[in-house]
Amino acid sequence: MSAEETRPATGTEPITIFYNPSCSKSREALELIDAQGTEYQVVEYLKAPPDRATLDRIVGKYQGPLVDLIRTDDAAFRDLDIDPATLTTPDSVVEVLIGHPEVMQRPILVRGDSVVIARPAERVAQLLVD
């Protein structure tokens, strides 16, 4: 699979999945989307990191605590020596993700105005309802 790949299928709006093939939750989420026949685009964010505009859209649409979009329990994040409590604004989260895409939470799914972190993978269902 290439860094970005679209699979046509039925559905209203495609789902974009920010995906890491090494991550079991990413693979599970993709399997659930594929099984539903929903159109989707895979973005392997480590090979094709999202640009600032894309991250601004994701952060702007996410309805939970913004720090959730960052893997704060990951060793790569701890090495940055950033206090997670300071990651409360859209700009602070985007700045971390621009400089360190490897700490982006995964998988992140975007469909229309909805953003879901598919951990557990069953959260994919939130985007499959048309």
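How charged is the neighbourhood of Arg71? Take every other residue with its Cβ under 14 Å from the Cβ of Arg71, and add Lys/Arg as +1 and Asp/Glu as -1. Overall, the nearby charge balance is -1.
Dimensions of region 4-128 based on its C-alpha atoms, expressed as ranges along the principal axes with the largest first, amount to 43, 27, 24 Å.
DSSP finds beta bridges in the chain, and of those with both partners inside it, around 65 percent are antiparallel.
Helices in the chain, meaning DSSP H runs of at least 4 residues, each add -39500 (n - 2.57). Divided by all residues, the mean residue ellipticity at 222 nm is -8500 deg cm²/dmol.
Contact order normalised by length for region 4-128, with contacts defined as Cα pairs under 8 Å and 6 or more residues apart; what percent is it?
Dividing the mean separation by the residue count of region 4-128 yields 33 percent.
Just name one of Leu32, Leu66, Val96: the one whose Cα is farthest towards the positive end of the charge dipole of region 4-128 (beta-carbon charges, Lys/Arg +1, Asp/Glu -1). Selected residue: Leu32.
FYI, it's all coordinate maths here, none of it is from the lab. In this text the structure is predicted, and so the values were computed from the model without any measurement. Virtual Cβ from ideal backbone geometry, glycine too; neighbours counted across all protein chains shown.
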